[in-house]
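The numbers here are math on the coordinates, done by the rules we state, and not lab data. What you see is a predicted model; the values in this text were computed from it and never measured. Ideal geometry is used to build each Cβ from the backbone, glycine not excepted, and the neighbour counts take in all protein chains shown.
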Amino acid sequence: MSMREKFPVADLNESQLTKVTRLENELRKELNENIVWIAYDEKDE
């Protein structure tokens, strides 16, 4: 099973994506680091 098959991109709606982006930005400011979250849907083999 390929990585792309095992870890497909999570299907987030606009509201959920906005929450993730907002939290990324908050953490960037707090930590002074370039924080990026990756949302995926882990599939069992």
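One table, with the values for the structure above:
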{"item": "Some residue of the stretch 2-12 being basic (Lys, Arg) and touching a residue at least 40 places away in the same chain (Cβ under 8 Å)", "result": "no"}
{"item": "Residue match in the stretch 16-35 (condition: in contact with a helix residue (DSSP H, G or I) (Cβ under 9 Å, 6 or more places away or on another chain), in contact (Cβ under 8 Å) with a residue 12 or more places away in the chain, in a loop (DSSP other than H, G, I, E, B) and surrounded by 10 or more Cβ atoms within 10 Å (Cβ to Cβ))", "result": "no"}
{"item": "Where Ala10 falls short, out of the listed (1) out of contact with any strand residue (DSSP E or B) (no Cβ under 7 Å at 6 or more places or on another chain); (2) surrounded by 12 or more Cβ atoms within 10 Å (Cβ to Cβ)", "result": "(1)"}
